[in-house]
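Single-structure report; data block below.
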Amino acid sequence: MTRILGIETSCDETSAAVLSGSDDNVQQDSLVILSQDVHRVFGGVVPEIASRAHLTSIVPVVERAVEEAKTSLDDIDAIAVTHTPGLVGALLVGVSYGKALAFSRDIPLLGIHHMEGHLFAAALEHKDAVPPFTALLISGGHTLLLDVEAWGRYRLLGATRDDAAGEAFDKVAKLLGLPYPGGRYVEQLAREGDSHRFHFGRPMLRKNAVPGDKDYYDFSFSGLKTAVLNAVRASRDLESDKADIARGFQDSLIETLVEKTHRAANAFSRERVVLGGGVACNRTLADAMRARLAPDGITVFTPTPRLATDNAAMIARAGFFRFERGERAGLDLNAYASCPIPGLVAA
Ligand code: KG4
Ligand code: ZN
């Protein structure tokens, strides 16, 4: 049995987790997530404040994760730490701390790609959320549509050309006067909205598109955001229109995500679809995805909110895969703002 400590500090969550097991049989012994609420007053993450907050909390967060797993640092076999993509100053805290710990304990270190972590999150709770599957990763910074033939073999089918799905939710939330991060408030508000009042276009969703077209799998949400801005400006009574605007926005975004995922799952004859990233918390999206894919016999797996948003359990889980493949990072491991997901195969 292997026991891995995962560390995640790529954005505004300081998180540590302990997982134990082997192969796809891995159990989560602990997960501690400390969310930096301080950014709320700024309406977005302030990088330098995030780095400093990680520095203050990394030691107690790791200690707590080890304690909750009822183990000790002496019994940890390897350390998996997010080293890309994210805010470099924030990543450096986790990377430096992970390195120091690995060096002092003389145990292996693994540098994990944050988006590969999101890919593994559903597998922590659903034993069938394993390849082959179609993956839709939707977070605050990324929107990726992948075909996952096997762990470590990823075909990138589509990505956003401008704003990420979560970013679009957050920007629309701001326009509607909702708190940051706004995804869940937009979803809540949209529930009360009328779907017939505001019809926004479906970005990159041409009905006559065929596989091979450049926009067949790609996404674009900045035009949708501008359409919402125009609707907000044109509104004479925003207070009474805002639920309908939220509904119109969310309907458009969801239909695009669902249709592109449907295209990908069918093109590769996949029977499973795995969602990951903070926007995967959106129940309306998960329901729409299931309704669209069930007739084709496709099962949709979504992580619970705690595992869909940033957390170290998913990093430790991806670490397990890389550890068992014999991969090791050197003490020269660095942090990068962006980097392609490892294991990409040609599209
Ligand atoms: O994966 P994540 O925790 O952080 C990044 O790696 O970016 O994703 C955060 C994003 C935010 O944009 C947030 O608004 C969005 O996930 N989000 C949601 C919901 N819950 C969180 N978006 C839509 N509906 C939700 N229920
Ligand atoms: Zn994330």
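The values are calculated or read from the model by the stated rules, or taken from the named source; none is laboratory data. Given the structure is predicted, the values throughout are model-derived calculations rather than measurements. Every residue, glycine among them, receives a Cβ derived from its backbone with ideal geometry; neighbour counts consider all protein chains shown.
Overview of values
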| quantity | calculated |
| --- | --- |
| Sole residue being within 19 Å of Gly319 (Cβ to Cβ) and of a type in the set (Ser, Thr, Tyr), chosen from Thr56, Thr71 | Thr71 |
| Cβ pairs under 8 Å, 6+ apart, first in region 59-79 and farther than 20 Å from Asp106 by Cβ, second at pLDDT 95 or above and among the β-branched types (Val, Ile, Thr) | Val61/Thr14; Val61/Val32; Arg64/Val32; Ala65/Val18; Ala65/Val32; Glu68/Val18; Glu68/Val32; Ala69/Val18 |
| Residue count, region 117-138 (criterion: within 13 Å of ligand 1 (Cβ to nearest atom) and surrounded by fewer than 24 Cβ atoms within 10 Å (Cβ to Cβ)) | 0 |
| Some residue of region 98-116 being touching a strand residue (DSSP E or B) at 6+ places or on another chain (Cβ under 9 Å), more than 16 Å from ligand 2 (Cβ to nearest atom) and of a type in the set (Ser, Thr, Tyr) | no |
| Criterion: in contact (Cβ under 8 Å) with a residue 40 or more places away in the chain, in a helix (DSSP H, G or I) and in contact with a Gly (Cβ under 6 Å, 6 or more places away or on another chain) - qualifying residue of His118, His83 | His118 |
| Output for region 6-55, where each listed residue is within 16 Å of ligand 2 (Cβ to nearest atom), out of contact with any Ser or Thr (no Cβ under 9 Å at 6 or more places or on another chain) and part of a helix (DSSP H, G or I) | His39, Pro47 |
| Answer residue from region 221-237, given it is free of Cβ contacts under 8 Å to residues at least 24 places away in the same chain and part of a loop (DSSP other than H, G, I, E, B) and is surrounded by the most Cβ atoms within 10 Å (Cβ to Cβ) among those | Ser235 |
| Restricting region 117-136 to residues that are of a type outside the set (A, V, I, L, M) and touching a Leu at 6+ places or on another chain (Cβ under 8 Å), the residue that is nearest to ligand 2 (Cβ to nearest atom) | His118 |
| From Ser15, Ser20, Ser10, residue being surrounded by 15 or more Cβ atoms within 10 Å (Cβ to Cβ) and free of Cβ contacts under 8 Å to residues at least 60 places away in the same chain | Ser20 |
| Residue within region 311-330 that is more than 16 Å from ligand 1 (Cβ to nearest atom), under 30 Å from Asn208 (Cβ atoms) and basic (Lys, Arg) present | no |
| Test set (1) touching a Gly at 6+ places or on another chain (Cβ under 7 Å); (2) in a helix (DSSP H, G or I); (3) more than 16 Å from ligand 2 (Cβ to nearest atom); (4) not β-branched (Val, Ile, Thr) - Leu333 fails condition number | (2) |
| Ile245 vs. criteria away from ligand 1 (no atom under 12 Å from the Cβ) and in a helix (DSSP H, G or I) | yes |
| Candidate set from region 257-307 (those that are within 21 Å of Ala168 (Cβ to Cβ), polar (S, T, N, Q) and not in a helix (DSSP H, G or I)); member that is nearest to ligand 1 (Cβ to nearest atom) | Asn282 |
| Test: residue in region 68-88 that is basic (Lys, Arg) and touching a Ser or Thr at 6+ places or on another chain (Cβ under 9 Å) | yes |
| Condition check for Ala308: away from ligand 2 (no atom under 16 Å from the Cβ) and surrounded by 17 or more Cβ atoms within 10 Å (Cβ to Cβ) | no |
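Matching residues to (1) crowded, with 17+ Cβ neighbours inside 10 Å; (2) hydrophobic (A, V, I, L, M, F, W, C); (3) out of contact with any Phe, Trp or Tyr (no Cβ under 6 Å at 6 or more places or on another chain):
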{"residue": "Pro181", "(1), (2), (3)": "yes, no, yes"}
{"residue": "Tyr185", "(1), (2), (3)": "yes, no, yes"}
{"residue": "Arg191", "(1), (2), (3)": "no, no, yes"}
{"residue": "Arg197", "(1), (2), (3)": "no, no, yes"}
{"residue": "Arg202", "(1), (2), (3)": "no, no, yes"}
{"residue": "Ala209", "(1), (2), (3)": "no, yes, no"}
{"residue": "Asp213", "(1), (2), (3)": "no, no, yes"}
{"residue": "Phe219", "(1), (2), (3)": "yes, yes, yes"}
